[in-house]
1. Within region B:326-343, take every residue that is within 16 Å of B:Asp3 (Cα to Cα) and either more than 12 Å from chain A (Cβ to nearest Cβ) or in contact with a Leu (Cβ under 6 Å, 6 or more places away or on another chain) (or both) and give me the one that is most open to solvent (accessible area, probe 1.4 Å).
2. For region A:146-197, what are the residues that are open to solvent by 10 Å² or more (accessible area, probe 1.4 Å) and among the charged types (D, E, K, R)?
3. Inside region B:140-153, can you point out the residues that are under 32 Å from the mean Cα position of the chain (by Cα) and either modelled with pLDDT under 90 or of a type in the set (A, V, I, L, M) (or both)?
4. For region A:193-212, how many residues meet the condition of being part of a helix (DSSP H, G or I) and more than 16 Å from ligand 1 (Cβ to nearest atom)?
5. For region A:28-46, give me the residue count where each residue is away from ligand 1 (no atom under 16 Å from the Cβ) and assigned to a strand (DSSP E or B).
6. So B:Thr24 clears everything in (1) open to solvent by less than 20 Å² (accessible area, probe 1.4 Å); (2) within 14 Å of chain A (Cβ to nearest Cβ) except one condition, right? Which one?
7. Listed residues B:Arg245, B:Arg240, B:Arg306; which is out of contact with any Lys or Arg (no Cβ under 6 Å at 6 or more places or on another chain), more than 30 Å from B:Leu329 (Cα to Cα) and surrounded by 14 or more Cβ atoms within 10 Å (Cβ to Cβ)?
8. Name the residues in region B:161-197 that are out of contact with any helix residue (DSSP H, G or I) (no Cβ under 9 Å at 6 or more places or on another chain), open to solvent by 10 Å² or more (accessible area, probe 1.4 Å) and not charged (D, E, K, R), would you?
Amino acid sequence: MISLNNVHKSYATGSNSLHVLKGIDLEIKQGEFVSIMGSSGSGKSTLLNILGILDNYDDGSYYLNGKLVKDMSEKQAAKLRNELVGFVFQSFNLISFKNAMENVALPLYYQGVNRKKRNKIALEYLDKLGLLPWAEHMPNELSGGQKQRVAIARSLISQPKIIFADEPTGALDTSTSYEVMEILKNINNEGITVILVTHEHDIAAMTQKIIRLKDGKIAEIIKNGDLKHFQEQYTKALETA
Amino acid sequence: MFDIDKWQEILSTIKKNKMRTFLTGFSVAWGIFMLMILLGAGNGLSNGVSENFKRDAINAMWLWSGKTSIPYQGMKEGRQIRLTNNDYDIIKDLPGIEYTSGRYYIGGNTFSYGNEYGEYTAITCHPDLKEVESIEIIKGRFVNEVDLKQTRKSVVLGKDIYDALFKDKEAIGEYVRINNIPFKVVGICMEGGGTRHRNAYIPVSTGQKVFNGSNRLHNFALTVDAKTIEESQVIETRVRERLARKHKFDSTDESALGSYNKLEDVIETMKIFQAIKIFIWIIGIGTLIAGVVGVSNIMLIVVKERTKEIGIRKAIGASPASVVGLILLESILITTIAGYIGLVLGTGLMEGVNFFVEQQYAASAATNGGNGDTLFRNPTVNLNVAMAATMLLVFAGTLAGFIPAKRASRIKPIEALRDE
Ligand SMILES: Nc1ncnc2c1ncn2[C@@H]1O[C@H](COP(=O)(O)OP(=O)(O)OP(=O)(O)O)[C@@H](O)[C@H]1O
Ligand SMILES: [Mg+2]
């Protein structure tokens, strides 16, 4: 599903450049539930954006669903994003002048689904996430958790193969975070690959695989079975810091 | 190309961003509105002036006799110059003269018919006066050569005299008394370009005979065959010199023989109006440029403001073309409608002004006894010009939106999303 081979990425900042990703090799299979962890500035978001074709990389190769993603035209990238992936952002990124239903329905507009039909489907998804009564509400009338659920509904409506979520619980309190994680877990159970970035290891612990980034490289990959071990190690690291 | 869904998306965006819509629309509507007023005012001014000129042929010239003011060949100044029918025959055949009419003044012009009567002016003339003063016949005929030869007591009534004396009755063939002498009505006329028609025309020969004028004439009205001031001046000089030779006065003596050359006036005035027109166009183009800059500015801001939205749309699968299309169609829709509103309001205002001016004109004509005086008439704008101006603004808005929209649609969505 996802295959990265020696991917590099630098940002040009003024005269010098910042080398953020220094050779990432990574395989993620269909149906996996993966979290990316690491200290602030370690390149988590950068990596996720590359995976979701929101950004490009400088070196190496990235295959998504067997297709090489490199030097793609914006048009091709848009098509791929629309068909294959869904995004959930820490800051929700809802369109402020559209109500919940219209926000959720928007991806279908770009698939050429007519208004009536896409609004109907949007309502179904909002219903699934328990938001039907808020369908006509504008984003600024919703709580953080509700907004994130709207964003999740929007990412799901195009029936993507992969959901990318950059700190989806970052702006939410613990209980709301757990609700959102429950939703993502259910999505994963339906066979959709979910890749999320998080700082909180209790959140990471709910996933099946944790990728830890350090200095622009993958420091370790912890599988589900080793999670207990990871938690101990993580607490130790915190203590020494 | 026409895609209901696309337009619904655009309309919903417009509806939910009223301020933005208003600002874009306002700058276009305002630009067009101001342009309409400016050009309308310019047209009104020049229409008003050319209307005033229309009253007589633009190449008309008038000559009238007086007393000499310069001694000539041993004769003292202060000598009265008397023009006669003989001078008419001379002037008529001079090269460069088209139409000629002599006039003998008759005083105290009381007109009556049955119990109706009124004070009007009876003008004695040759048939050519019709051409010199742009007289329009609405019924019957004008004074003709036969009237002149047979010194017939024929009269052509101005429409106002007819209305006052005859109401709606048939007048042709009836007899009207002028200073108690019966004249047969042969025609009804209007003065070209005027709104008041209070003059009556009778053959000059009849006037001389009936009112004791022998062969005297007081003035001449003519038209000259000239296109430029210079040409008309050459003819004017020729006439003056010919009459000066005959009546023995200095040909430059304006007091012995007065003359007014209308073409000179017309051309000078037209030159001024040409300049005013150019000036108005410059201001108009300035207004248009201000509108273009305004619209372009707003479009730049709109695209900047929408960068994040563009990022979101792209992240969920919008192609660059659809993003550009969304922004541009919105801008075209708003600017077109706003331009139309500006057009309608501008035209409406100008029509209102026109209505007001026409009333003023009628009022001034009524008090002025003869013709209404106005500097301002029919202040309307050529619709093609207005449409072209609107189209230019729409185009400018589109172009100004296109460049940043294209740029925004090309950048990576993550960069657009990062925009705060
Ligand atoms: N557009 C950019 N231009 C320049 N530098 C950037 C840009 N985006 C990120 N960086 C830098 O790249 C590094 C990695 O950024 P990234 O956002 O991937 O970190 P992160 O792991 O997501 O951190 P956090 O946990 O704080 O979100 C940081 O040092 C950041 O300053
Ligand atoms: Mg980040």
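1. Within region B:326-343, the match that is most open to solvent (accessible area, probe 1.4 Å) is B:Ile332.
2. A:Lys147, A:Arg149, A:Lys161, A:Asp166, A:Glu167, A:Asp173, A:Glu179, A:Glu182, A:Lys185, A:Glu190 - these are the residues of region A:146-197 that are open to solvent by 10 Å² or more (accessible area, probe 1.4 Å) and among the charged types (D, E, K, R).
3. Residue satisfying the conditions is B:Val143 alone.
4. 1
5. Counting residues in region A:28-46 that are away from ligand 1 (no atom under 16 Å from the Cβ) and assigned to a strand (DSSP E or B) gives 2.
6. Unmet for B:Thr24, out of (1) open to solvent by less than 20 Å² (accessible area, probe 1.4 Å); (2) within 14 Å of chain A (Cβ to nearest Cβ): (2).
7. B:Arg240 is the lone residue from the list that is out of contact with any Lys or Arg (no Cβ under 6 Å at 6 or more places or on another chain), more than 30 Å from B:Leu329 (Cα to Cα) and surrounded by 14 or more Cβ atoms within 10 Å (Cβ to Cβ).
8. B:Tyr162, B:Ala164, B:Ile172, B:Gly173, B:Tyr175, B:Asn180, B:Pro182
The values are calculated or read from the model by the stated rules, or taken from the named source; none is laboratory data. Values in this document were obtained by computation on a predicted structure and should not be read as measured data. As a convention, Cβ positions derive from the backbone with ideal geometry for all residues, glycine included, and neighbour counts pool all protein chains shown. Areas reflect the complete protein model, heavy atoms only, side chains present, ligands, DNA and RNA absent. Shrake-Rupley method; radii C 1.70, N 1.55, O 1.52, S 1.80 Å.
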